[in-house]
Amino acid sequence: SGLKQLEEVVEFGRTSALAKADSKLDLRKEALGDMALFYGDVKPANEAVAYFTAQALELDPVPHLMRLVELYNRHSGYADIEAVLKDVLKTFPESPSTAHAHEELAWNYERMKQRSQAGLQLEAFDRWCTEQTAKQAKAKKGQAQALDCREKISDATKKLSAKWHALWKKQGGPDDLAISAEKTYHLFLRDATLKDPDLPAMRYSYSELLFARGRFRDASASYFEIEKYALTGAKIDGKIGHDAAYGAIYSLEKSNTDKWNDEDEKAFGKLADTYFKRFPQGQYVLDLKFKRAFIAYEKERYDEAGPQFKKIGWAEQPAGTAVPEKVAKAQDLYLDILNIKKDYKTLKEAAQVLLGRSHDGTRTTQIEKIYREAYFSEIQGLEEKGDITGAIEAYKKFALENTTSELAPKAWW
């Protein structure tokens, strides 16, 4: 009965408009809006578009259909919402109100926990928005509508990608959540500009997701995008900037399961130099310097690796502090390089310097052994060169200075 009376109001308004009567008599928009209050109780959702289109005729029925959608949402009628909105998008692809329908359908799928469908709907919304932008630009009518839809997409992708990412981390799966989050992150990042203050944080979260999914090379490139933002003057949170700079390097490292190829080593060097420049006192400066030297060491470029290890290992340590693990490892590898090169004289001198520093008992014992073996090998070198007199005196001196060494009896012999 209520619908019937509202239909009569609509018909009267149309007749008044055609007769160019007093505009106050045309209450069609008000009546169409009120129809939504009654429609859901007496008619099916899949007929809503046809019904409101027939009533509105030359007027745009979409705003009134969106009011019906709002009412369905209050009663959790998500299937009814889906039916109406899909029909709206099919029937009125060019309506100024279609952006709202696209957005609402995406959120409806989220409420239904159909995350993959929500992601696909956002992609469809994005395509529609791009098409509308192109059409408006061609018609030279400005870009107000296109900008509005882009803002809606930006807002939805920010919220949904963050939500799905958090759910995926909390639940440890399923993977479709991560895939949906990745797609929405990508939609946001593709069109976001540096004017958006959320861009760096969103880029960082996207990079974290790629890393967590084992996409290390993609993660490295994505982390480095934050560095590019900083280079163009964007304001970056200090922690995000630092962690992204290191994340780019660590992700590249994780992508290498064997020896580094030349291309990746070159990329590592550039990323490390960027980190040193931006964060000279950064948390990972020592680790990165060590890694650079270690890559050269693994490739047997000892003349290059040696000085780097020496610079790390022989740097003065603050009094009373333990030797960092990477520093001790750099010392060992430098000594190893000297041993490989059979430079026993320099090896002995380097070990002697280390013995002059404070170490725990085990470390001191290790270095003493290296010192004595280098010392003994240096003397053997004299013998091999035919300097018998010099070798005799050197063996005698060694034996007297290192009476507790297992090499002392051999030196006497």
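See the values below:
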| read-out | value |
| --- | --- |
| Tail weight of P(r) past 27 Å, computed on alpha-carbon pairs of the range 234-371, percent | 29 percent |
| Chymotrypsin sites (Phe, Trp or Tyr not before Pro) within the range 258-301: DSSP coil, no more than 12 neighbouring Cβ in 10 Å | none |
| At R0 = 45 Å, FRET efficiency that the Cβ-Cβ distance of T15 and D191 yields, to 0.05 | 0.45 |
| Cα Rg, Dmax, the range 6-133, angstrom units | 15.9, 52 |
| At q = 0.10 Å⁻¹, base-10 log of I(q)/I(0) for the range 171-268 (Debye sum, equal scatterers on each alpha carbon) | -0.28 |
| Rg(Cα) / (2.2 N^0.38 Å) computed for the range 76-210, rounded to two decimals | 1.08 |
| Translational diffusion of the chain, µm² s⁻¹ [Kirkwood Rh, Cα pairs; Stokes-Einstein; 20 °C; 1.002 mPa s] | 77 µm²/s |
| Where labels lie 7 Å past Cα in the beta-carbon direction, separation of D273 and L57 in nm | 7.4 nm |
| Alpha-carbon gyration tensor eigenvalues x 5, square-rooted, for the range 301-413, Å | 28, 18, 9 |
| Percentage relative contact order, the range 58-184, counting C-alpha pairs under 8 Å, at least six apart | 19 percent |
| Cα-Cα P(r), the range 251-300, percent of pairs per 5 Å interval | 5, 20, 32, 25, 13, 5, 0 |
| Column: log10 I(q)/I(0), Debye, Cα scatterers of the range 365-413, q = 0.13, 0.18, 0.24 Å⁻¹ | -0.26, -0.49, -0.82 |
| DSSP loop GluC sites (Glu not before Pro) with at most 11 other Cβ within 10 Å excluded, longest remaining stretch of the chain | 95-299 |
| By accessible area with a 1.4 Å probe, ligands and nucleic acids excluded, highest first: order of I370, I379 | I370, I379 |
| FRET E, pair Q5, M112, Förster distance 35 Å, beta-carbon r, rounded to 0.05 | 0.50 |
| The chain: most fluctuating residue of W314, W107, W128 per GNM, C-alpha cutoff 10 Å | W314 |
| Cα-based convex hull, the range 213-299, per residue volume (Å³, whole number) | 93 Å³ |
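The values are calculated or read from the model by the stated rules, or taken from the named source; none is laboratory data. All figures in this text were calculated on a predicted structure; none of them were measured in a lab. In this analysis, Cβ positions are derived from the backbone assuming ideal geometry, glycine residues included, and neighbour counts consider all displayed protein chains. Just so you know, the surface numbers come from the protein's heavy atoms only, side chains and all, with ligands and any DNA or RNA stripped out. Shrake-Rupley method; radii C 1.70, N 1.55, O 1.52, S 1.80 Å.
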